Amino acid sequence: MTEELKPCPFCGSTRVFIERDYPRSENPALDKEWVECPRCGATGPWHTVTRSHQLIIRGWNRRVE
C-alpha cells in the first residue's frame, strides 16, 4: 500500500509534491528527490533517486510543527 503525502506541517497546504534534482551526470548517486511545499517553501529530507519514494514520503509525513 502506498502512503499518501500529508499536508505541510507548517502552513497546512495540501499542494505538496515530490521535487527532483537530476544533475547532468551519469552518476545516479548525485540525483536526489524530496518533498516540497511551494506555498511556504518547507522541504523534507532528501534521498537519492535510487531509494524508494516511500522513504521520501515517510520522511515528510513524520515532520512536526
Legend entry - Residue-wise HN-Hα coupling along region 11-19, computed from phi with Karplus coefficients 6.51, -1.76, 1.60 (Hz; x: Gly, Pro): 10, x, 4, 9, 8, 9, 8, 8, 9
Inset, instruction - Determine the calculated [θ] at 222 nm for the chain from helices alone, applying -39500 (n - 2.57) to every DSSP H run no shorter than 4 residues and normalising by the residue count; nearest 500 deg cm²/dmol. - result: -4000 deg cm²/dmol
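Between the DSSP loop rule and a limit of at most 13 other Cβ atoms within 10 Å, which trypsin sites (Lys or Arg not before Pro) in region 4-65 are left? Please list the in-between numbers first.
Working: sites: ARG15, ARG20, ARG24, LYS32, ARG39, ARG51, ARG58, ARG62, ARG63; in loops: ARG15, ARG24, ARG39, ARG51, ARG62, ARG63.
In loop regions of region 4-65 (DSSP not H, G, I, E or B), the sparsely surrounded trypsin sites (Lys or Arg not before Pro) are ARG15, ARG24, ARG51, ARG62.
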Legend entry - Directionally averaged projected area (convex hull, Cα atoms, the chain), nm²: 4.5 nm²
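Computed from the coordinates by the stated procedures, all read-outs in this text should not be read as laboratory data. The model shown is predicted, which means the values in this text are computed figures rather than measured ones. Neighbour counts run over all protein chains shown; Cβ positions are idealised from the backbone, glycine included.
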